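Right, one structure below, let's go through it.
The values are calculated or read from the model by the stated rules, or taken from the named source; none is laboratory data. Note that this is a predicted model, so its numbers are computed, not measured. No Cβ is skipped: glycine too gets one built from the backbone with ideal geometry, and neighbour counts run over all protein chains shown. For accessibility, only protein heavy atoms count, side chains too; no ligands or nucleic acids. Shrake-Rupley method; radii C 1.70, N 1.55, O 1.52, S 1.80 Å.
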Amino acid sequence: MQKKNNEIRRHDRYDTDVKIHFYVPYELKTKVNFQFKKNQPDESLNKRFSGLSKNVSAGGICFVSELRLEPGDYILIDMYLPGVAKPIPMEGEVRWSTVNEDGLQFYSGVQLVKVYDKPVEQTIYYDQEHQVIWSNVLEQVLGSFAILHKKMYPNP
(Lines give C-alpha, C1' and ligand atoms only; values in the text may rest on other atoms or scores of the structure.)
Protein backbone atom coordinates (compact mmCIF):
# COMPACT_ATOMS: atom_id res chain seq x y z
CA MET A 1 0.00 0.00 0.00
CA GLN A 2 1.23 3.46 -0.78
CA LYS A 3 1.77 6.08 1.87
CA LYS A 4 -0.73 8.91 1.47
CA ASN A 5 0.55 12.48 1.58
CA ASN A 6 -1.41 13.38 4.72
CA GLU A 7 -0.54 10.20 6.66
CA ILE A 8 1.83 10.36 9.57
CA ARG A 9 3.29 6.95 10.29
CA ARG A 10 5.51 6.01 13.18
CA HIS A 11 7.20 3.08 11.42
CA ASP A 12 8.04 1.90 7.91
CA ARG A 13 5.65 -0.64 6.35
CA TYR A 14 6.81 -3.85 4.70
CA ASP A 15 4.49 -5.42 2.12
CA THR A 16 3.22 -8.90 2.92
CA ASP A 17 0.71 -11.34 1.46
CA VAL A 18 0.32 -13.85 4.27
CA LYS A 19 -2.77 -15.79 5.32
CA ILE A 20 -4.17 -14.90 8.73
CA HIS A 21 -7.04 -16.02 10.92
CA PHE A 22 -8.45 -13.72 13.53
CA TYR A 23 -10.94 -13.84 16.36
CA VAL A 24 -12.89 -11.16 18.16
CA PRO A 25 -12.75 -12.60 21.70
CA TYR A 26 -15.74 -10.68 23.02
CA GLU A 27 -18.55 -8.49 21.80
CA LEU A 28 -18.31 -4.96 23.17
CA LYS A 29 -21.90 -4.08 22.28
CA THR A 30 -23.44 -6.47 24.81
CA LYS A 31 -24.04 -5.59 28.43
CA VAL A 32 -23.18 -9.06 29.72
CA ASN A 33 -20.89 -11.39 27.87
CA PHE A 34 -19.60 -14.77 28.91
CA GLN A 35 -18.62 -18.05 27.36
CA PHE A 36 -18.27 -21.62 28.53
CA LYS A 37 -14.80 -23.06 28.13
CA LYS A 38 -14.34 -26.44 26.55
CA ASN A 39 -11.96 -29.02 27.95
CA GLN A 40 -9.77 -29.00 24.84
CA PRO A 41 -7.37 -26.02 25.11
CA ASP A 42 -6.93 -25.58 21.34
CA GLU A 43 -10.64 -25.17 20.59
CA SER A 44 -12.17 -21.73 20.62
CA LEU A 45 -15.83 -20.87 21.04
CA ASN A 46 -15.22 -17.64 19.14
CA LYS A 47 -15.88 -17.55 15.40
CA ARG A 48 -12.72 -17.59 13.29
CA PHE A 49 -12.41 -15.21 10.34
CA SER A 50 -9.89 -15.33 7.50
CA GLY A 51 -7.88 -12.54 5.99
CA LEU A 52 -4.75 -11.66 4.05
CA SER A 53 -2.06 -9.38 5.41
CA LYS A 54 -1.12 -6.42 3.21
CA ASN A 55 1.72 -4.92 5.23
CA VAL A 56 3.40 -5.09 8.59
CA SER A 57 5.41 -2.60 10.64
CA ALA A 58 7.32 -2.59 13.91
CA GLY A 59 4.05 -2.03 15.77
CA GLY A 60 1.16 -3.02 13.54
CA ILE A 61 -0.42 -4.92 10.70
CA CYS A 62 -2.84 -4.10 7.90
CA PHE A 63 -5.00 -6.86 6.43
CA VAL A 64 -8.01 -7.35 4.21
CA SER A 65 -11.00 -9.54 5.15
CA GLU A 66 -14.74 -9.88 4.66
CA LEU A 67 -15.52 -8.68 8.19
CA ARG A 68 -15.87 -5.02 9.02
CA LEU A 69 -14.11 -4.37 12.31
CA GLU A 70 -14.65 -1.29 14.42
CA PRO A 71 -11.95 0.94 15.90
CA GLY A 72 -11.38 -0.22 19.45
CA ASP A 73 -12.15 -3.89 18.75
CA TYR A 74 -9.58 -6.13 20.42
CA ILE A 75 -8.66 -9.10 18.24
CA LEU A 76 -6.51 -12.21 18.37
CA ILE A 77 -4.56 -12.99 15.19
CA ASP A 78 -2.82 -16.14 13.98
CA MET A 79 -0.41 -15.41 11.11
CA TYR A 80 0.57 -18.36 8.91
CA LEU A 81 3.97 -17.94 7.26
CA PRO A 82 4.67 -20.12 4.20
CA GLY A 83 6.58 -23.26 5.12
CA VAL A 84 6.14 -22.79 8.88
CA ALA A 85 3.97 -25.31 10.74
CA LYS A 86 2.75 -23.16 13.64
CA PRO A 87 1.16 -19.72 13.29
CA ILE A 88 2.51 -16.58 14.95
CA PRO A 89 0.03 -15.58 17.69
CA MET A 90 -0.65 -11.84 17.96
CA GLU A 91 -3.03 -9.59 19.89
CA GLY A 92 -4.01 -6.08 19.00
CA GLU A 93 -6.49 -3.25 18.83
CA VAL A 94 -8.20 -2.19 15.62
CA ARG A 95 -7.31 1.46 14.88
CA TRP A 96 -9.19 1.86 11.59
CA SER A 97 -11.24 -0.07 9.02
CA THR A 98 -12.28 0.98 5.51
CA VAL A 99 -14.33 -0.68 2.79
CA ASN A 100 -12.49 -1.93 -0.31
CA GLU A 101 -13.42 -0.63 -3.78
CA ASP A 102 -15.49 -3.75 -4.43
CA GLY A 103 -17.63 -3.08 -1.35
CA LEU A 104 -17.26 -6.69 -0.24
CA GLN A 105 -13.99 -6.57 1.70
CA PHE A 106 -12.49 -4.33 4.35
CA TYR A 107 -8.97 -3.14 5.08
CA SER A 108 -8.22 -3.01 8.80
CA GLY A 109 -5.25 -1.50 10.57
CA VAL A 110 -4.32 -3.08 13.89
CA GLN A 111 -1.91 -1.76 16.50
CA LEU A 112 -0.28 -4.90 17.85
CA VAL A 113 -0.05 -5.22 21.60
CA LYS A 114 1.52 -8.69 21.95
CA VAL A 115 3.35 -11.22 19.82
CA TYR A 116 3.92 -14.62 21.45
CA ASP A 117 2.55 -13.03 24.66
CA LYS A 118 5.44 -10.54 24.70
CA PRO A 119 4.50 -6.82 24.71
CA VAL A 120 5.36 -5.28 21.34
CA GLU A 121 6.00 -1.72 22.54
CA GLN A 122 8.82 -2.90 24.80
CA THR A 123 10.62 -4.54 21.85
CA ILE A 124 10.66 -1.60 19.41
CA TYR A 125 14.17 -0.19 18.96
CA TYR A 126 16.33 1.59 16.43
CA ASP A 127 19.01 -0.64 14.94
CA GLN A 128 21.85 1.86 14.53
CA GLU A 129 24.00 -0.44 12.41
CA HIS A 130 21.30 -1.08 9.80
CA GLN A 131 19.43 2.22 10.23
CA VAL A 132 16.02 0.58 10.67
CA ILE A 133 13.35 0.55 13.38
CA TRP A 134 12.90 -3.05 14.51
CA SER A 135 10.68 -5.08 16.88
CA ASN A 136 9.60 -8.61 17.76
CA VAL A 137 6.78 -8.23 15.21
CA LEU A 138 9.21 -7.75 12.33
CA GLU A 139 11.59 -10.38 13.65
CA GLN A 140 8.83 -12.99 13.74
CA VAL A 141 7.24 -12.06 10.40
CA LEU A 142 10.21 -11.01 8.30
CA GLY A 143 13.18 -12.51 10.10
CA SER A 144 16.27 -10.62 8.99
CA PHE A 145 14.87 -9.71 5.58
CA ALA A 146 14.24 -6.01 6.28
CA ILE A 147 17.67 -5.54 7.85
CA LEU A 148 19.32 -7.31 4.91
CA HIS A 149 17.29 -5.23 2.44
CA LYS A 150 18.30 -1.94 4.12
CA LYS A 151 21.94 -3.08 4.11
CA MET A 152 21.82 -4.01 0.40
CA TYR A 153 19.82 -0.95 -0.66
CA PRO A 154 20.66 1.83 1.80
CA ASN A 155 19.04 4.60 -0.29
CA PRO A 156 15.49 3.60 -1.37
For Glu129 the rounded accessible area (nearest 10 Å², probe 1.4 Å, non-protein molecules ignored) is 140
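Only four residue types carry charge here, +1 at the Cβ of Lys and Arg and -1 at the Cβ of Asp and Glu. Report the dipole size of region 89-135 about the Cα centre in Debye, rounded to the nearest 20.
120
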Tyr14 paired with Val64, simple spin-label distance in nm, labels 7 Å along Cα-to-beta-carbon:
2.2
For region 48-142, just list the percent of Cα-Cα distances falling in each 10 Å bin from zero outward, please.
16, 47, 29, 7, 0
Order these peptides, 119-125, 83-89, by their mean beta-carbon neighbour count within 10 angstrom, highest first.
119-125, 83-89
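Between Lys86 and Tyr126, take the C-beta separation as r, use R0 = 30 Å, and let me know the FRET efficiency to the nearest 0.05.
Here the calculated transfer efficiency is 0.50.
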Modelled label-to-label distance, Ile133 and Tyr74, 7 Å Cα→beta-carbon offset: nm?
2.5
